[in-house]
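Novice: Mind looking over this structure? Questions follow.
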Amino acid sequence: MKFKRVFLIVCDSLGVGEAIDASNYGDVGACTLGHINAREDLFIPNLKKLGFLNTINMSANDEVEGYYTIARPTNKGKDTLSGHYEIAGVRCSYAFPTFPDGFPKELIEAIEYFSKRKVIGNKAASGTEIIKELGERQLRTGELIVYTSADSVLQIAANEYVVPLKELYEICAVARELCNTHDEWRVGRIIARPFKGKTSDTFVRTSNRKDFACDPPSKSILEKLEEKKLSVIAIGKIYDIFNGKGVTKKIASANNKDGVDKLLDIMDKKFTGLCFANLNDFDTLYGHRRDVEGYARAIEELDVEIPMILNKLNNDDLLIITADHGNDPTFKGTDHTRENTPVLIYSRIFNEPKMLPIMNTFADIGATIAENFEIDPPMIGISYFKELK
């Protein structure tokens with residue numbers, strides 16, 4: 001075991017250019033990082049030193065301080081689950097369904113039958129906007145606000161004053177079971193979205209969100225690490241993405257800044273294993289909302305945190321920064337974009353930092369981590385461990 005601790009950070013949706021099969025997804029020309037940088041001229045000196053901007057065109061950088069390359073997606077779909085599954089060495093041969101026109105009548109009626117509450121909404125919408133639109137009615141009637149997004153999610157929002165959390169979670173758990181009964185309904189995640197407030201201008205979503213995901217279709221490196229009695233610390237929505245499989249410690253985070261703060265806290269702890277963090281604001285707050293300026297600001301805010309992260313690394317620590325898909329805020333629509341992702345790899349002990357060959361699957365990251373910890377390799381992926389010198 002060369003590295004005692006591996007810190008894996010997923011910058012949710014921060015892609016670096018169209019994937020080979022982008023035409024199959026209508027995403028030819030997408031490049032999240034490249035287009036943001038072209039519009040906003042990013043000031044990210046710390047990420048730049050790690051080769052971040054070089055991943056846009058795989059350009060050479062003789063002064064880079066870590067290894068860098070890009071990874072190509074091979075799992076079907078361009079969503080959070082398929083991207084994270086692939087990073088962790090899990091092949092997902094199907095794409096999770098989306099419902100831009102709302103969910104089937106039969107599914108909605110089944111949710112109403114179990115919950116004894118009517119459903120309103122049932123459309124694709126921004127979570128904050130649909131609460132403004134229907135929140136006062138929901139507060140009066142006790143109905144359930146059901147909505148989706150460009151992702152494969154079924155979200156159920158309710159005011160905590162009228163639908164207790166325990167009940168909302170039970171409804172979501174049953175909705176998960178219902179969706180599992182039909183392949184065409186099998187959304188990636190059911191999400192409980194509780195909120196509080198008395199009027200539309202005071203409604204605010206609470207921190208009591210709870211996700212109900214599918215189990216990964218096969219064993220990930222997380223489970224293999226857990227079986228070897230190594231730590232697998234999940235920050236942000238990682239626990240929910242893998243439905244808890246292989247996670248030994250779950251740490252919630254409210255936003256990117258909070259996620260990085262939680263990561264910095266964990267870096268002060270003694271453990272052997274993987275700390276796996278997701279920074280979700282890039283996707284949720286800026287990618288889907290096509291907010292180029294906000295996305296740029298979020299990247300620059302992460303850059304400010306990079307020196308603190310690097311300073312906390314021990315000589316036997318490894319840092320990997322990557323993404324799970326794209327979400328180009330300059331692109332058409334509000335959906336994810338099928339893109340390659342950046343892979344930045346840093347350790348204090350590296351003697352030959354440079355550009356690495358392109359990874360032909362996100363799973364090469366998982367395979368590299370697996371070889372370091374001397375666990376069985378994942379079903380897919382080739383290890384780059386021996387390249388790290």
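Novice: Do we find a residue being in the same structural domain as residue 195 (by TED's automatic domain parsing), part of a strand (DSSP E or B), buried (at least 17 other Cβ atoms within 10 Å of the Cβ) and in contact with a Ser or Thr (Cβ under 9 Å, 6 or more places away or on another chain) anywhere in the range 128-145?
Specialist: yes
Novice: Moving on. Checking residue 86 against (1) charged (D, E, K, R); (2) without any contact (Cβ under 8 Å) to a residue 60 or more places away in the chain; (3) touching a helix residue (DSSP H, G or I) at 6+ places or on another chain (Cβ under 7 Å), only one condition comes out false. Which one?
Specialist: Looking at each condition in turn, residue 86 falls short on (2).
Novice: With the structure loaded, tell me whether residue 335 is assigned to a loop (DSSP other than H, G, I, E, B), touching a Cys at 6+ places or on another chain (Cβ under 8 Å), in contact (Cβ under 8 Å) with a residue 60 or more places away in the chain and not small (Gly, Ala, Ser) or whether it fails that test. Let's see the steps before the verdict.
Specialist: On the way: assigned to a loop (DSSP other than H, G, I, E, B): yes; touching a Cys at 6+ places or on another chain (Cβ under 8 Å): no; in contact (Cβ under 8 Å) with a residue 60 or more places away in the chain: yes; not small (Gly, Ala, Ser): yes.
So residue 335 fails the test.
Novice: Limited to the range 150-205, what total is found for residues that are touching a Cys at 6+ places or on another chain (Cβ under 9 Å) and part of a loop (DSSP other than H, G, I, E, B)?
Specialist: Selection size over the range 150-205: 3.
Novice: What's the total number of residues in the range 10-24 that are assigned to a strand (DSSP E or B) and out of contact with any Pro (no Cβ under 9 Å at 6 or more places or on another chain)?
Specialist: The initial filter retains those residues of the range 10-24 that are assigned to a strand (DSSP E or B), namely 10-11, 18.
Then drop every residue that is not out of contact with any Pro (no Cβ under 9 Å at 6 or more places or on another chain), which leaves 10, 18.
Matching residues across the range 10-24 total 2.
Novice: Does the range 302-315 contain any residue that is farther than 25 Å from residue 28 by Cα, under 15 Å from the mean Cα position of the chain (by Cα) and either assigned by TED's automatic domain parsing to the domain that holds residue 32 or of a type in the set (Ser, Thr, Tyr) (or both)? Walk me through it before giving the result.
Specialist: Just the residues of the range 302-315 that are farther than 25 Å from residue 28 by Cα, to begin with: 302-315.
Still in the running and under 15 Å from the mean Cα position of the chain (by Cα): none.
No, the conditions are met nowhere in the range 302-315.
Novice: Pick from the range 316-337 the residues that are under 16 Å from the mean Cα position of the chain (by Cα) and of a type in the set (A, V, I, L, M, F, W, C): which of them is nearest to residue 84 (Cα to Cα)? Give the steps one after another, and end with the answer.
Specialist: At the first step, the residues of the range 316-337 found to be under 16 Å from the mean Cα position of the chain (by Cα) are 320-328, 335-337.
Still in the list and also of a type in the set (A, V, I, L, M, F, W, C): 320-321, 323.
Working: 320: 14, 321: 13, 323: 9 Å.
Looking at the filtered set, the residue picked out is 323.
Novice: Any residue in the range 52-64 that's without any contact (Cβ under 8 Å) to a residue 60 or more places away in the chain and assigned by TED's automatic domain parsing to the domain that holds residue 346: show its pairings with residues that are of a type in the set (Val, Ile, Thr) and surrounded by 10 or more Cβ atoms within 10 Å (Cβ to Cβ) at Cβ separation under 6 Å, as long as the two are six or more apart or on different chains.
Specialist: If the second residue must be of a type in the set (Val, Ile, Thr) and surrounded by 10 or more Cβ atoms within 10 Å (Cβ to Cβ), the pairs left are 56/16.
Novice: Within the range 172-194, can you find the residues that are buried (at least 22 other Cβ atoms within 10 Å of the Cβ), modelled with pLDDT of 95 or more and out of contact with any strand residue (DSSP E or B) (no Cβ under 6 Å at 6 or more places or on another chain)?
Specialist: 179
Novice: A follow-up question, please. Residue 22 - would you say it is farther than 12 Å from residue 341 by Cβ, touching a strand residue (DSSP E or B) at 6+ places or on another chain (Cβ under 9 Å), among the hydrophobic types (A, V, I, L, M, F, W, C) and surrounded by fewer than 20 Cβ atoms within 10 Å (Cβ to Cβ)? Outline the logic, then answer.
Specialist: On the way: farther than 12 Å from residue 341 by Cβ: yes; touching a strand residue (DSSP E or B) at 6+ places or on another chain (Cβ under 9 Å): yes; among the hydrophobic types (A, V, I, L, M, F, W, C): yes; surrounded by fewer than 20 Cβ atoms within 10 Å (Cβ to Cβ): no.
When the stated conditions are applied, residue 22 does not pass them.
Novice: For the range 197-237, which positions are hydrophobic (A, V, I, L, M, F, W, C) and more than 17 Å from residue 254 (Cβ to Cβ)?
Specialist: Filtering the range 197-237 for residues hydrophobic (A, V, I, L, M, F, W, C) gives 203-204, 212-214, 221-222, 225, 230, 232-235.
Of everything in the range 197-237, those that are hydrophobic (A, V, I, L, M, F, W, C) and more than 17 Å from residue 254 (Cβ to Cβ) turn out to be 203, 212, 213, 214, 221, 222, 225, 230, 232, 233.
Novice: Does the range 64-71 contain any residue that is among the hydroxyl-bearing types (Ser, Thr, Tyr) and either in contact with a His (Cβ under 9 Å, 6 or more places away or on another chain) or part of a loop (DSSP other than H, G, I, E, B) (or both)?
Specialist: no
Novice: Any residue in the range 274-294 that's basic (Lys, Arg): show its pairings with residues that are surrounded by 19 or more Cβ atoms within 10 Å (Cβ to Cβ) at Cβ separation under 7 Å, as long as the two are six or more apart or on different chains.
Specialist: Sorted first by the residue in the range 274-294, then by its partner, the pairs are 290/329.
Novice: Given (1) modelled with pLDDT of 95 or more; (2) part of a helix (DSSP H, G or I), where does residue 269 come up short, assuming only one miss?
Specialist: (2)
Novice: Moving on to the next point. Go through (1) buried (at least 22 other Cβ atoms within 10 Å of the Cβ); (2) more than 19 Å from the chain's Cα centre (by Cα); (3) more than 30 Å from residue 319 (Cβ to Cβ) one by one and return the number of the condition residue 225 breaks.
Specialist: Of everything listed in (1) buried (at least 22 other Cβ atoms within 10 Å of the Cβ); (2) more than 19 Å from the chain's Cα centre (by Cα); (3) more than 30 Å from residue 319 (Cβ to Cβ), residue 225 misses just condition (3).
The values are calculated or read from the model by the stated rules, or taken from the named source; none is laboratory data. Values in this document were obtained by computation on a predicted structure and should not be read as measured data. No Cβ is skipped: glycine too gets one built from the backbone with ideal geometry, and neighbour counts run over all protein chains shown.
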